[in-house]
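In what follows, a single structure is set out as structure tokens and then discussed.
The values are calculated or read from the model by the stated rules, or taken from the named source; none is laboratory data. If you're wondering where the values come from, they're calculated on a predicted model, not measured in any experiment. Positions of Cβ are generated from backbone atoms using ideal geometry, with glycine treated the same way; all protein chains shown enter the neighbour counts. The accessibility values were calculated without ligands, DNA or RNA, using every heavy atom of the protein model including side chains. Shrake-Rupley method; radii C 1.70, N 1.55, O 1.52, S 1.80 Å.
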Amino acid sequence: MWDMSVAQPVEVDQDVVDFAAVGGWMEDRGLPAGAFTRVQALGGGTQNIMLRFQRGGRDFVLRRGPKHLRAKSNDVIRREARLLTALDGTDVRAPRVIAACQDESVIGAVFYLMEPIEGFNPQNELPPRYAEDPEARRLMGLSAVEAIARLGAVDYTAVGLVDFGKPEGFLERQVSRWFGELESYSANAGYPGPEIPGLEQVGEWLDRNRPARWTPGILHGDCHLANILFAYDEPRVAALVDWEMSTIGDPLLDLGWQIATRPDPGTTLAALLGKLGAVGGLPTPAAMTEHYGRFSDRDLSAVPWYTVLACFKLGIVLEGTHARAFAGKAPKETGDFLHAITLELFEKAHRLMA
């Protein structure tokens, strides 16, 4: 998750970002020269690194993988930069890439520079106008729906993303793909296996009721509210962020994802969104679906199926941290917390199936 609204002054480890090297690279591309000032670390849930700075009177945000790169860290950053560059000029609200460095030798990792986003992340703050006005929160939720509908409407071939994913068989392979992911968690010592009631039934229901026809498009992949920045001045999306799970697939899964992760006050899932999760006031699933249809000509009759798929997929993703906690690779409290959300997601799936 990216959070461009939480910035802390920071001393930068030269092994992570060598500003002398970045400066030379920038100047080679005609970007402003001069001292790097107001260097700040931008917070977030991801291990990827983001730094905001000023140079030559202009603000920049640098994004790269974690200090200790994982196997696919550089590929993830390359994909993000490519996608965001392709979306520039569309009506999708997303960060704008200024320049990308594919050469890992410059600072030891792929990185890109983007323009900062002025907005807040509802996981970390809820400005007074939103906290006090349920209508502002309702419009905020509808703006999130509009943002993914506009993304799904982009002609991915026209913007040069024809090979960005593998849409053929996308829906058909979802259940087996995520059951396979779940099975891989057994490699974590001490993990007793998934204690998720009704797990197999959800998978079987998804395969039986899978939509026969759908239209490929750009899929954000993880578009819950904590991965969206909202404007301070009015209830609208400032930018969709955290594009690590993006691909070419069925964009209606993004709608299902937003409905599945809609925070209901009093639930464990709602606790992820702090004050917003506690006060509620977001649009209903029916209102979200109706609003999506204003910006899309897709068949919305199977939205409950996509919501069940989102519950299934996200629940399995979160279970991975629970499994790693057994092996001491994640805090036990975090593993238990995310497992509780997994159980809520599967309960929601069963209600929709019924």
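Data table
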quantity	calculated
Which listed residue, of L206, L255, L182, L229, is more than 30 Å from A323 (Cβ to Cβ) and of a type in the set (A, V, I, L, M)	L229
Near pairs, Cβ below 9 angstrom, 6+ apart or cross-chain, from the stretch 10-31 (open to solvent by less than 60 Å² (accessible area, probe 1.4 Å) and at pLDDT 95 or above) to any residue that is among the acidic types (D, E) and outside any helix (DSSP H, G or I)	W25/D103
Given (1) over 30 Å from H68 (Cβ atoms); (2) open to solvent by less than 20 Å² (accessible area, probe 1.4 Å); (3) of a type outside the set (D, E); (4) under 19 Å from the mean Cα position of the chain (by Cα), number of the condition G119 does not satisfy	(1)
Residue check for L282: modelled with pLDDT of 95 or more and within 18 Å of A349 (Cα to Cα)	no
Close pairs from the stretch 168-186: first more than 17 Å from L252 (Cβ to Cβ), partner in a loop (DSSP other than H, G, I, E, B) and not hydroxyl-bearing (S, T, Y), Cβ under 6 Å, at least 6 apart	L182/P194
Test: M353 is at pLDDT 95 or above and under 30 Å from A81 (Cα atoms)	no
Yes/no for Q54 being touching a Lys or Arg at 6+ places or on another chain (Cβ under 8 Å) and at pLDDT 95 or above	yes
Test: residue in the stretch 244-252 that is charged (D, E, K, R), in the same structural domain as F312 (by the TED database) and either open to solvent by 10 Å² or more (accessible area, probe 1.4 Å) or over 11 Å from V145 (Cα atoms) (or both)	yes
Matching residues, the stretch 132-175, being open to solvent by less than 20 Å² (accessible area, probe 1.4 Å) and over 21 Å from the mean Cα position of the chain (by Cα)	A136
Test: residue in the stretch 319-340 that is open to solvent by less than 10 Å² (accessible area, probe 1.4 Å) and in contact with a Leu (Cβ under 6 Å, 6 or more places away or on another chain)	no
Search result, residues across the stretch 56-93 that are open to solvent by 10 Å² or more (accessible area, probe 1.4 Å) and in contact with a helix residue (DSSP H, G or I) (Cβ under 7 Å, 6 or more places away or on another chain)	D91, V92, R93
Selection count, the stretch 329-341, where residues are touching a residue at least 60 places away in the same chain (Cβ under 8 Å) and more than 21 Å from the chain's Cα centre (by Cα)	1
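Okay, residues lined up against (1) surrounded by 24 or more Cβ atoms within 10 Å (Cβ to Cβ); (2) in the same structural domain as L171 (by the TED database); (3) not in a helix (DSSP H, G or I):
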site: D233; (1), (2), (3): no, yes, yes
site: L255; (1), (2), (3): yes, yes, no
site: Q258; (1), (2), (3): yes, yes, no
site: D264; (1), (2), (3): no, yes, yes
site: A270; (1), (2), (3): no, yes, no
site: K275; (1), (2), (3): no, yes, no
site: P283; (1), (2), (3): no, yes, yes
site: A287; (1), (2), (3): no, yes, no
site: E290; (1), (2), (3): no, yes, no
